[in-house]
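Participant: Below is a structure I'd like to ask you about.
The values are calculated or read from the model by the stated rules, or taken from the named source; none is laboratory data. What you are looking at is a predicted structure, and each value in this text was computed from that prediction instead of being measured. Virtual Cβ from ideal backbone geometry, glycine too; neighbours counted across all protein chains shown. Heavy atoms of the whole protein, side chains included, go into the accessibility calculation; ligands, DNA and RNA do not. Shrake-Rupley method; radii C 1.70, N 1.55, O 1.52, S 1.80 Å.
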Amino acid sequence: MSQSGSVERVLLPGWSHTQLLFAALCLVALVYKVAVFFARSKDVRRKVQAFSGPPTHWLFGHVHEFKQNGEDLKKIVQWGKGYPYAFQLWFGPSVCFVTIHHPDYAKTLLSSTEPKDKMGYWFLESWIGDGLLVSGGQKWFRHRRLLTPGFHYDVLKPYIKLMSESAELMLDNWEKYADTNEVFELFEHVSLMTLDSILQCAFSCNSNCQMEGGTNAYIKAVYELTDLINLRIRIFPYHNDLIFYLSPHGFRYRKACKVAHSHTQEVLRQRKEVLKEETELTRIQAKRNLDFLDILLFARDEKQQGLSDADIQAEVDTFMFEGHDTTASGISFLLYCLACHPEHQRLCREEINKVLDGKRSLEWEDLNKIPYTTMCIKESLRLYPPVPGFARVTTKPMTFFDGRSVPEGVSVGISVFALHRNETVWENPDVFDPLRFLPENVSKRSSHAFVPFAAGPRNCIGQNFAMNEMKVVTAQTLKRYQLIEDPAFKPKLIPRLVLRSLNGIHIKIKPVDTEG
């Protein structure tokens, strides 16, 4: 017997040469992975060395600081006070965002055409595909150009009546709370209303989702998906596709994705069935108002090439999510703000009633006749931005106004929440003050101090749609109800792709004729 053979039996009894070789290869692979990991971490630290930040944990970075208790966004604001303009924010040992919270920095980033950072948005792709929200480069440019006609005022104009009808149905459902003076959670109601609205406006699809209430499968799937994506961002091992796929959370994610995709696929199937005999938009327009889906299906570039089925599915999924969930967040927090500030609510109601002058709802021509209400909407969007943060990744070196730079390949995030509450930009930033948006006050601020819909070439394509819906819903609501705060229910803010509250958003209501 050889000496080496006896050593094998002593150290690893029962192991064959093949098993030993496999174990050795696994060990080498592990060592290689660890070495690559630490090399990447070192490289990231080198790239962001121009910026300091709060102390980090060697493994968790700053993730352990976020308790998911409603205080996390406040922590970002507090850190911003100690690190002017921007600071490092680490998710694990090798993922870092240079986090911006000042308009001069935001202007540099948002004026560029840098693509979305792939970390958070990459986790979205299996749900909403490579649509306008996620895509970059020439694909994004082409899609943006093809989709822009879908947001022309001629297309948006007929939506006002549909938005009003959806809002009126929601307010009818609220009558039971007006009669009982009962406190109720409004985000779920508003989510169903905005889903109903987006289905009618953008897809000419009449749904029954407001009558189904919280049992609506698509709404439940969207909640599940947004929660799981945020969980995946926070848990470093879940950044690995295989680990997440094999986890119970990955199973839940795939199940919810299937529900969401089934919903949008059915919307697409129904429309294609209706349009199978049509070849031109002008012929459709002669029969009815065009919608977003019409334009999506008939879009053609200069080579007369349209969007592929996969591209159309991605844009439908993107707009279905973006068009209802972000708007639901914006409307819910707006109504809460008005409940908390009855003096501003009263001024909005007086303005709205004067414009309505006996009409049932706002019309297209009325949208620009409610300046005070519009200022209240903007102030609510400042305090409670529906998208509390987003990120880009640099494809070339970027230098900011103070001389600090980041090289290619750095993730740069904008905390919209912290930017909107930066005390060097906004006096008494936590106070609800619509007069901040008087034209003379706006002119004194940076154009990038207020960016609820982002800014620059990659701004939100649907911002006019969202603002119109917020105006219509506010007018319908204030015409019928007085909104009342219940001090026992304060929202605990939490970022979930869109801004939400851990404990919901609660108000009480009374019929307007009992006010005072």
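Participant: Normalised radius of gyration for segment 145-199, please: alpha carbon Rg relative to 2.2 N^0.38 Å, two decimal places. Let's see the in-between values first.
Facilitator: Details: Rg = 15.1 Å, N = 55, 2.2 N^0.38 = 10.1 Å.
Working it through for segment 145-199, the quotient is 1.49.
Participant: Leaving out ligands, DNA and RNA but keeping every protein chain, what accessible area does Leu297 have, in Å² rounded to the nearest 10, with a 1.4 Å probe?
Facilitator: Its heavy atoms expose roughly 30 Å² to the probe.
Participant: Quick one: of Lys157/Lys354; Lys359/Lys444; Lys161/Lys510, which pairs are farther than 28 Å apart, Cα to Cα?
Facilitator: Numbers: Lys157/Lys354 22 Å; Lys359/Lys444 37 Å; Lys161/Lys510 25 Å.
Distance filter (> 28 Å) returns Lys359/Lys444.
Participant: Across the Cα atoms of segment 365-515, what radius of gyration and what greatest pairwise Cα-Cα distance (Dmax) are found, in Å?
Facilitator: Spelled out, the Cα radius of gyration and Dmax of segment 365-515 are 18.1, 61 Å.
Participant: When all alpha-carbon pairs of segment 166-226 are counted, what percent fall beyond 20 Å? Intermediate values should be presented prior to the final figure.
Facilitator: On the way: 493 of 1830 pairs.
Result for the distance tail: 27 percent.
Participant: Give the residue from His143, Val183, Leu162 lying farthest towards the positive end of the charge dipole for segment 135-194; charges sit on Cβ (+1 for Lys and Arg, -1 for Asp and Glu) and the dipole is referred to the Cα centre.
Facilitator: His143
Participant: Using the alpha carbon gyration tensor of segment 148-253, what are the three equivalent-ellipsoid semi-axes (square root of 5 times each eigenvalue), largest first, in whole Å?
Facilitator: 33, 22, 11
Participant: Can you spot the lysines whose alpha carbon is less than 25 Å from Lys276's alpha carbon? Ignore those fewer than 8 places along the same chain.
Facilitator: Once the sequence-local lysines are set aside, what remains near Lys276 is Lys287, Lys303.
Participant: Let me ask another. What is the Cα centroid distance between segment 311-349 and segment 85-120, reported in whole angstrom?
Facilitator: If we compute the Cα centre of each part, the gap is 25 Å.
Participant: Any idea what the dipole of segment 422-512 comes to, in debye rounded to 20, about its Cα centre with Lys/Arg Cβ at +1 and Asp/Glu Cβ at -1? Don't skip to the answer; put the middle values down first.
Facilitator: Details: 13 positive and 8 negative charges, 79 e Å.
Using only the charged Cβ atoms, the result is roughly 380 debye.
Participant: Compute the signed sum of charges (Lys and Arg +1, Asp and Glu -1) over the other residues within less than 14 Å, Cβ to Cβ, of Thr264. Let's see the in-between values first.
Facilitator: On the way: positive: Lys258, Arg269, Arg271, Lys272; negative: Glu266, Asp309, Asp311, Glu315, Asp317, Glu322, Asp325.
Summing Lys and Arg as +1 and Asp and Glu as -1 gives -3.
Participant: Return the aspartates and glutamates within reach of Lys75: Cα separation strictly under 16 angstrom, same-chain partners fewer than 8 residues apart disregarded; answer none if there are no such residues.
Facilitator: The qualifying aspartates and glutamates are Glu65, Glu423, Asp430.
Participant: Continuing with the same structure: Along the charge dipole of the chain, which of Ile229, Val34, Ser197 sits closest to the positive end, that is, farthest toward it, with unit charges on the beta carbon of Lys, Arg, Asp and Glu (+1, +1, -1, -1)?
Facilitator: Comparing the listed Cα positions along the dipole, Val34 ranks first.
Participant: Next question, about the same structure. If you plug each phi of segment 87-92 into the Karplus form 6.51 cos²θ - 1.76 cosθ + 1.60 with θ = phi - 60°, what whole-Hz ³J(HN,Hα) values come out, in order, with x for Gly and Pro?
Facilitator: Rounded to whole hertz, the list is 8, 6, 9, 9, 10, x.
Participant: Let me ask you something else. Tell me, rounded to the nearest percent, the portion of alpha carbon pairs in the chain spaced more than 46 Å apart. Don't skip to the answer; put the middle values down first.
Facilitator: Working: 22920 of 132870 pairs.
Cα-Cα pairs in the chain separated by more than 46 Å: 17 percent.
Participant: Place +1 on the Cβ of every Lys and Arg and -1 on the Cβ of every Asp and Glu in the chain, take the dipole about the Cα centre, and give the residue among Ser262, Leu109, Phe417 whose Cα lies farthest towards its positive end.
Facilitator: Farthest along the dipole direction, towards plus: Leu109.
Participant: Computing the accessible area with a 1.4 Å probe over protein heavy atoms, can you report the carbon and sulfur percentage for the chain? Could the numbers behind the result be given before it?
Facilitator: Working: 13640 of 24070 Å².
C and S atoms contribute 57 percent here.
Participant: How large, in Å, is segment 250-388 by the Kirkwood hydrodynamic radius built from its alpha-carbon pairs? If you can, show how the numbers build up before the last one.
Facilitator: Numbers: mean 1/r = 0.0534 Å⁻¹.
By the Kirkwood definition, the hydrodynamic radius is 18.7 Å.
Participant: A further question follows. Express in whole angstrom the spacing between the alpha-carbon centres of segment 148-162 and segment 430-490.
Facilitator: 20 Å
Participant: Here's something else I'd like to know. Work out how far the C-alpha atoms of segment 90-170 reach from end to end along every principal axis, then list the three figures in whole Å, largest first.
Facilitator: The Cα atoms of segment 90-170 stretch 50, 33, 33 Å along their principal axes.
Participant: Is there a pair in Lys74/Lys378; Lys116/Lys471; Lys47/Lys116; Lys116/Lys139; Lys118/Lys378; Lys33/Lys118 whose C-alpha atoms are over 23 Å apart, and which pairs would that be?
Facilitator: Values: Lys74/Lys378 20 Å; Lys116/Lys471 30 Å; Lys47/Lys116 18 Å; Lys116/Lys139 13 Å; Lys118/Lys378 29 Å; Lys33/Lys118 21 Å.
Violating the 23 Å Cα-Cα cut-off are Lys116/Lys471; Lys118/Lys378.
Participant: Quick one: give the max-minus-min coordinate of the C-alpha atoms of segment 187-302 along each principal axis, largest first, in Å.
Facilitator: Rounded to whole Å, the extents work out to 54, 39, 20 Å.
Participant: Evaluate E = 1/(1 + (r/R0)^6) for Ser405 and Gln78, where r is the Cβ-Cβ distance and R0 equals 22 Å; express this FRET efficiency to the nearest 0.05.
Facilitator: On the way: r = 26 Å, r/R0 = 1.19.
Approximately 0.25, to the nearest 0.05.
Participant: Could you give the size of the charge dipole of the chain about its Cα centre, using +1 on the Cβ of each K and R and -1 on the Cβ of each D and E, expressed in debye and rounded to the nearest 20? Walk me through the numbers before you get to the answer.
Facilitator: Values: 62 positive and 59 negative charges, 336 e Å.
The calculated dipole for the chain is roughly 1620 debye.
Participant: Quote the FRET efficiency, to the nearest 0.05, computed for Leu242 versus Phe60 with a Förster distance R0 of 22 Å and r equal to the Cβ-Cβ distance.
Facilitator: Details: r = 21 Å, r/R0 = 0.98.
Once the sixth-power term is evaluated, E becomes 0.55.
Participant: Suppose all protein chains stay in the model; what accessible area per residue would a 1.4 Å probe give for the chain, in Å²?
Facilitator: Accessible surface, normalised per residue, equals 47 Å².
Participant: Please sort by residue number the GluC sites (Glu not before Pro) in segment 413-516 whose DSSP state is loop and whose Cβ has at most 16 other Cβ atoms within 10 Å.
Facilitator: Working: sites: Glu423, Glu427, Glu440, Glu469, Glu485, Glu515; in loops: Glu423, Glu427, Glu485, Glu515.
Hits after loop and neighbour filter: Glu423, Glu427, Glu515.
Participant: Let me test this: with uniform point scatterers at the alpha carbons of segment 379-428, what is the Debye-based log₁₀ I(q)/I(0) at q = 0.17, 0.23 1/Å?
Facilitator: -0.65, -0.88
Participant: To continue, here is another question. Based on the Cα atoms of segment 47-106, what semi-axes does the equivalent ellipsoid have, where each is the square root of 5 times one gyration tensor eigenvalue, given in whole Å with the largest first? Spell out each step's value before the answer.
Facilitator: On the way: eigenvalues 65, 50, 14 Å².
Each semi-axis is √(5λ); the values are 18, 16, 9 Å.
Participant: Rank these residues by their accessible area, most exposed first, probe 1.4 Å: Ile461, Ile505. Intermediate values should be presented prior to the final figure.
Facilitator: Numbers: Ile461 40, Ile505 0 Å².
In descending accessible area the options line up as Ile461, Ile505.
Participant: Return the loop-located trypsin sites (Lys or Arg not before Pro) in segment 416-453 (DSSP other than H, G, I, E, B) with at most 12 other Cβ atoms within 10 Å of their own Cβ; answer none if there are none. Walk me through the intermediate numbers first.
Facilitator: On the way: sites: Arg421, Arg436, Lys444, Arg445; in loops: Arg421, Lys444, Arg445.
Loop-located and lightly packed - Lys444.
Participant: Based on the alpha-carbon gyration tensor of segment 413-466, what equivalent-ellipsoid semi-axes (square roots of 5 times the eigenvalues) come out, in whole Å, largest first?
Facilitator: Values: eigenvalues 81, 40, 24 Å².
Three semi-axes, in Å: 20, 14, 11.
Participant: While we're looking at this one, here's another question. If you rank Ser405, Ser126 by how much accessible surface each has, with a 1.4 Å probe, what is the order from largest down? Mind dumping the intermediate values first?
Facilitator: Numbers: Ser405 45, Ser126 65 Å².
From most accessible down to least: Ser126, Ser405.
Participant: Would you mind computing Rg(Cα) / (2.2 N^0.38 Å) for segment 1-159, counting N as its residues? Display every interim value, and only then the final one.
Facilitator: Details: Rg = 25.1 Å, N = 159, 2.2 N^0.38 = 15.1 Å.
Segment 1-159 yields a ratio of 1.67.
Participant: Normalized C-alpha radius of gyration of segment 338-443, against 2.2 N^0.38 Å?
Facilitator: Values: Rg = 18.9 Å, N = 106, 2.2 N^0.38 = 12.9 Å.
Normalised by 2.2 N^0.38 Å, the Cα Rg of segment 338-443 equals 1.46.
Participant: Moving on. Rounded to the nearest 0.05, what FRET efficiency do Asp486 and Arg45 have when you use their Cβ-Cβ distance and R0 = 60 Å?
Facilitator: Efficiency, rounded to the nearest 0.05: 0.80.
Participant: Also: Taking each pair of distinct Cα atoms in segment 74-118 once, what is the resulting Kirkwood hydrodynamic radius in Å?
Facilitator: Details: mean 1/r = 0.0854 Å⁻¹.
The Cα-based Kirkwood calculation yields 11.7 Å.
Participant: Another question, if that's okay. When only DSSP loop residues count, what GluC sites (Glu not before Pro) in segment 164-222 have their Cβ near at most 15 other Cβ atoms within 10 Å?
Facilitator: Working: sites: Glu165, Glu168, Glu175, Glu182, Glu185, Glu188, Glu212; in loops: Glu182.
Those that pass, being in a loop and sparsely packed, are Glu182.
Participant: Any idea what the dipole of segment 363-516 comes to, in debye rounded to 20, about its Cα centre with Lys/Arg Cβ at +1 and Asp/Glu Cβ at -1?
Facilitator: Working: 20 positive and 16 negative charges, 97 e Å.
Approximately 460 debye in magnitude.
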